[in-house]
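K.L.:
First the structure, then my questions, so here it is.
The values are calculated or read from the model by the stated rules, or taken from the named source; none is laboratory data. What you see is a predicted model; the values in this text were computed from it and never measured. Every residue, glycine as well, gets a Cβ built from its backbone with ideal geometry; the counts of neighbours run over all protein chains shown. Just the protein is used for accessible areas: all its heavy atoms, side chains included, with ligands, DNA and RNA removed. Shrake-Rupley method; radii C 1.70, N 1.55, O 1.52, S 1.80 Å.
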Amino acid sequence: MTKFPKPALTGALAALIAATSAPALFANGEVNLYSSRHYDTDERLYSEFEEMTGITVNRIEGNADELLARMEAESENSPADVLLTVDTSRLERAKEMGLLQPVESDVLEARIPEYLQDAGNEWFGFSQRARILFYDKNEVENPPRTYQDLANPEYEGMVCIRSGTNVYSQTILAALIEHLGEDAAKDWAGAVVGNFARDPQGGDTDQLRGIVSGECDIAMSNTYYFARAIRKDVDGLSDSLDMIGWVFPNQNDIGAHMNLSGGGVAANAPNRENAIAFLEYLASDQAQEYFSAGNDEYPAVPGVALSPSVAELGFFKPDDVDLSEVAKNVPTAQQIFNEVGWK
């Protein structure tokens, strides 16, 4: 649980309710959503928005790269109203490709912290996942306390982590570039490669299963993969949670790195006002609580209640670095991975 203010019924939320209840949004209203979020639990978000506003949500789903390419090919004829995707780098890429447009919304400005939104108001974050360190409590007496510690020689042959082609890996290195500088970040990446227990493989759940199987003693993963295994049965993980400890890194300085899930209004949105209403709904307490309860994420809006599975991980200090700046470092991060042999 992050150290955020307690929830309150704000004037912005009242404005949201009024806005999404306006008669203009009802008659034959629709919004066309292009989404790379692949979670069944998001169905509740869409159905509740439809019930609240009378606006029908039409969905096109796919991976982020496919959706960006599709929107680019469709150009001004694109039916897309809203793009939802995971990771700041993809949101920033959509902006750079000219696929999003600025949004002036008092609701979004009031609800979403400045560091979780684009400076030009082209994208906004709606949920977060902390990228933290997990370890085998039976094998690791002194777990790493910072991201930098992961490079220490004492952890040689102990670390499981995802591929350098994965956006989560790229974004954590991009954040370290922002905090430490390019040279120090490159030294870190090279040293971590030297501590690999195996070549990078699989997703975040596979890194956690690597601890259970004994292939590795330390792993990096987003929190929601572990919280999900607390909330429901995850094969090869839930039965062994007692052996896994976790560390929110860098609590004495930069804080734990946060990955973002967010969205924006498409550049050529045919239903622009409905698209804005949808984004404002995602910033409501109701939707924010469901990001946590339905998918074990941290809300973007400060003070919104967490689900028990997420709250069980405890309080921590998040990194509040400007994610737009982090996204600009992703190409450099990929280059570093290539140079140090982080496959």
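K.L.:
For residues that are in contact (Cβ under 8 Å) with a residue 40 or more places away in the chain and open to solvent by 40 Å² or more (accessible area, probe 1.4 Å), tally how many sit in the stretch 166-193.
P.N.:
Result for the stretch 166-193: 4.
K.L.:
Got a sec? Which of ARG162, ARG198 is touching a Cys at 6+ places or on another chain (Cβ under 9 Å), open to solvent by 30 Å² or more (accessible area, probe 1.4 Å), under 16 Å from GLY341 (Cα atoms) and of a type in the set (Lys, Arg)?
P.N.:
None of the others qualify; the one that does is ARG198.
K.L.:
Shifting gears a bit: Among the residues of the stretch 143-153, are any in contact (Cβ under 8 Å) with a residue 24 or more places away in the chain, open to solvent by less than 10 Å² (accessible area, probe 1.4 Å) and small (Gly, Ala, Ser)?
P.N.:
no
Condition check ((1) at pLDDT 95 or above; (2) touching a Pro at 6+ places or on another chain (Cβ under 9 Å); (3) in a loop (DSSP other than H, G, I, E, B)) across all residues:
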| site | (1), (2), (3) |
| --- | --- |
| GLU109 | yes, no, no |
| ALA119 | no, no, yes |
| SER127 | yes, yes, no |
| TYR135 | yes, yes, no |
| VAL140 | yes, no, yes |
| PRO143 | yes, no, yes |
| ASP149 | yes, yes, no |
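K.L.:
Let me ask you something else. From the list PRO302, PRO318, which residue is in contact with a His (Cβ under 9 Å, 6 or more places away or on another chain), open to solvent by 10 Å² or more (accessible area, probe 1.4 Å) and not hydrophobic (A, V, I, L, M, F, W, C)?
P.N.:
After ruling out the rest, the residue left standing is PRO318.
K.L.:
Follow-up question, since we're still on this one. So is ASP239 part of a loop (DSSP other than H, G, I, E, B), more than 23 Å from MET52 (Cα to Cα), out of contact with any Phe, Trp or Tyr (no Cβ under 7 Å at 6 or more places or on another chain) and free of Cβ contacts under 8 Å to residues at least 12 places away in the same chain or not?
P.N.:
It is false that ASP239 is part of a loop (DSSP other than H, G, I, E, B), more than 23 Å from MET52 (Cα to Cα), out of contact with any Phe, Trp or Tyr (no Cβ under 7 Å at 6 or more places or on another chain) and free of Cβ contacts under 8 Å to residues at least 12 places away in the same chain.
K.L.:
What are the residues in the stretch 151-176 that are farther than 19 Å from ARG209 by Cα and in contact with a strand residue (DSSP E or B) (Cβ under 7 Å, 6 or more places away or on another chain), if any?
P.N.:
Hits for the stretch 151-176 are THR171, ILE172, ALA175.
K.L.:
Shifting gears a bit: Which residue pairs have Cβ atoms under 6 Å apart, sit 6 or more places apart or on different chains, and have a first residue in the stretch 101-125 that is within 15 Å of LEU84 (Cβ to Cβ) and a second that is part of a helix (DSSP H, G or I) and open to solvent by 20 Å² or more (accessible area, probe 1.4 Å)?
P.N.:
Sorted first by the residue in the stretch 101-125, then by its partner, the pairs are GLU122/LYS95.
K.L.:
Kindly indicate which of ALA277, ALA333, ALA287 is open to solvent by less than 10 Å² (accessible area, probe 1.4 Å) and within 17 Å of the chain's Cα centre (by Cα).
P.N.:
ALA287
K.L.:
Next up: Hey, could you check the stretch 96-132 for residues that are more than 16 Å from the chain's Cα centre (by Cα) and crowded, with 20+ Cβ neighbours inside 10 Å and say which is nearest to ALA300 (Cα to Cα)?
P.N.:
My answer is ARG111.
K.L.:
Conditions first: (1) in a loop (DSSP other than H, G, I, E, B); (2) of a type in the set (A, V, I, L, M); (3) closer than 29 Å to GLY341 by Cβ. LEU176 passes all but one, so which condition is the exception?
P.N.:
(1)
K.L.:
Right, something else. Determine which single condition ASN77 fails, assuming it passes every other condition in (1) at pLDDT 95 or above; (2) surrounded by fewer than 15 Cβ atoms within 10 Å (Cβ to Cβ); (3) in contact with a Phe, Trp or Tyr (Cβ under 9 Å, 6 or more places away or on another chain).
P.N.:
Result: ASN77 fails condition (3) only.
K.L.:
Which condition does VAL234 not pass, out of (1) crowded, with 19+ Cβ neighbours inside 10 Å; (2) within 21 Å of the chain's Cα centre (by Cα); (3) hydrophobic (A, V, I, L, M, F, W, C); (4) in a loop (DSSP other than H, G, I, E, B), if it passes all the others?
P.N.:
So VAL234 meets the others, but not (1).
K.L.:
Do you know which residues across the stretch 248-270 are touching a Leu at 6+ places or on another chain (Cβ under 6 Å) and open to solvent by 10 Å² or more (accessible area, probe 1.4 Å)?
P.N.:
If the condition is that a residue be touching a Leu at 6+ places or on another chain (Cβ under 6 Å) and open to solvent by 10 Å² or more (accessible area, probe 1.4 Å), then ALA267 is the only one that fits.
K.L.:
Does SER89 satisfy the criteria of being under 27 Å from ASN268 (Cβ atoms) and either touching a Cys at 6+ places or on another chain (Cβ under 7 Å) or open to solvent by 30 Å² or more (accessible area, probe 1.4 Å) (or both)?
P.N.:
no
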